[in-house]
Amino acid sequence: MKKHNFYAGPSILPQFTIEETAKAVTNFAGTGLSIMEVSHRSKEVVAVMSEAQQLFKELLNIPDGYQVLFLGGGASTQFMMIPFNLLQKKAAYLVTGGWASKAAKEAKLFGEVVEVASSKDANFNYIPKGYTIPSDADYFHITTNNTLYGTEIRTDFDVNMPLVADMSSDIFSRPIDVSKYSLIYGGAQKNLAPAGITFIIVKEDILGKVDRAIPTMLDYRTHIDKESMFNTPPVLPLFAALQTLRWLKNNGGIGAMEKVNIEKAQLLYNEIDRNKLFKGTVSNPEDRSLMNICFVMNEEYAELEKEFLEFATSKGMTGIKGHRSVGGFRASTYNALPKESVEALVAVMKEFESKK
Ligand SMILES: *Cc1c(COP(=O)(O)O)cnc(C)c1O
């Protein structure tokens with residue numbers, strides 16, 4: 001039976017990425033050696049790094065003055081590295097979910113943190129609007145897609161200070177105007193590569209402005225100077241990321257991805273709204289994520305939750321159990337998820353409804 005992979009992360013990757021990476025595990029770039037056993041200083045791995053940086057710039061239209069880094073440590077290490085490098089006195093955070101809360105918590109170790117708004121009062125089921133950002137903040141941090149709660153900020157906006165964004169779970173899902181951001185980062189394991197690699201897009205002129213000493217490994221300038229090769233980068237996830245970047249380019253780029261992502265999300269949200277058994281968890285439709293679609297049983301049918309999960313699982317739906325902080329179901333519809341998988345899930349929801 002065909003498996004439909006709705007896991008939130010690590011999550012579905014293009015078949016192309018998986019096949020090319022499997023080949024490189026046995027014979028990498030014609031070297032006769034595995035990608036797992038060659039020096040990161042070899043010309044073949046250096047070429048992987050530079051093509052990955054180049055494709056990031058091309059696909060996202062990154063203007064001059066920005067650097068692309070690939071480091072270890074996951075997005076969670078960035079929660080600390082960002083304030084280490086950027087927070088002199090005060091930083092502003094928009095608290096839209098569990099990851100945003102964790103990011104704000106780390107920043108408090110380095111200075112004053114102003115939480116400009118939070119949707120915690122409603123279990124993060126909306127994106128706060130109409131807040132004021134203190135004009136003397138060193139930067140403003142947002143999480144564009146809230147993986148656990150299924151809300152997303154899908155417009156790029158202007159602020160009068162460096163804008164820093166965690167895009168772990170929606171990078172490459174829609175075109176973005178990078179010039180509005182000073183730093184964009186994310187763990188690669190949602191929409192790009194297997195776990196182990198973190199991408200950072202940083203505007204160089206925001207660096208070098210804090211007084212504190214920064215440990216060498218945690219200073220972005222170290223990695224800019226050494227083109228992400230100061231120490232050994234995660235070579236295998238980097239190679240896989242490059243395959244996904246090539247796949248994105250060969251499939252029409254990010255504009256084409258966004259088009260299909262909108263179609264997939266509409267299909268599923270329409271069914272959630274139509275089907276009498278289910279309801280969406282996000283209060284404001286315009287805040288609904290295109291990447292992580294959260295829904296629960298309607299109150300009258302609450303006792304059917306387990307039964308639906310088992311039914312859907314028996315039909316090949318994998319990874320749709322909701323995060324424990326929301327309950328219910330979450331279908332992640334990342335770039336690599338084909339529209340047929342969403343159609344299959346919708347069919348299962350209809351079939352289940354017809355039996356009730
Ligand atoms: C998964 C996720 C993280 C955590 O990433 P790690 O690489 O596991 O540290 C942070 N932010 C968001 C939005 C995520 O989805």
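What do you get for trypsin sites (Lys or Arg not before Pro) in segment 254-287 restricted to DSSP loop and a cutoff of at most 14 other Cβ within 10 Å of the site's Cβ? In loop regions of segment 254-287 (DSSP not H, G, I, E or B), the sparsely surrounded trypsin sites (Lys or Arg not before Pro) are 276.
Pairs over the 25 Å Cα-Cα cut-off, from the set 90/129; 190/249; 2/276: 2/276. What the phi angles of segment 287-303 give under the Karplus curve with 6.51, -1.76 and 1.60, with θ = phi - 60°, is a coupling list of 8, 5, 6, 8, 9, 10, 9, 9, 8, 10, 6, 4, 3, 4, 10, 3, 6 Hz, glycine and proline written as x. Here's the list of aspartates and glutamates a cross-link from residue 108 could span, going by alpha-carbon distance under 18 Å and ignoring same-chain residues fewer than 8 apart: 136, 138, 166, 211. Within the straight-line cut-off of under 17 Å between alpha carbons, none of the lysines are reachable from residue 23, sequence neighbours fewer than 8 places apart in one chain being disregarded. Size descriptor for segment 1-135, Kirkwood hydrodynamic radius: 19.0 Å (Cα pairs only, one decimal). Which shape class, rounded, prolate or oblate, goes with the chain when its Cα gyration tensor gives a ≥ b ≥ c as root eigenvalues, a/c under 1.5 marks rounded, and past that a/b bigger than b/c marks prolate? Oblate shape, in that a/c is at least 1.5 and b/c is the bigger or equal ratio.
Checking the cross-link pairs 57/264; 180/321; 102/279 against a 30 Å limit on the alpha carbon distance flags 180/321 as lying beyond it.
Bridges between two residues of the chain, per DSSP, are antiparallel at a rate of about 55%.
The charge dipole of the chain, taken about the Cα centre with unit charges on the Cβ atoms of Lys, Arg (+1) and Asp, Glu (-1), comes to about 500 debye, rounded to the nearest 20.
Computed from phi, the 3J(HN,Hα) profile of segment 136-143 under the Karplus parametrisation 6.51, -1.76, 1.60 (θ = phi - 60°) reads 9, 6, 6, 6, 10, 10, 10, 10 Hz, with x in place of Gly and Pro.
Contact order, relative form, for the chain: 24 percent (alpha carbon pairs under 8 Å, 6 or more residues apart, mean separation divided by residue count). Per residue, the convex hull spanned by the Cα atoms of segment 299-356 amounts to 90 cubic angstrom. One decimal place: the segment residue 315-residue 26 gains 100.6 nm when fully extended, by the rule 0.36 nm per residue minus the C-alpha distance.
A short reminder: the numbers here are calculations on the coordinates, not readings from a lab. Please read these numbers as outputs of a predicted model, since none were measured by experiment. Cβ: placed from backbone, ideal geometry, glycine included. Neighbour counts: every protein chain shown.
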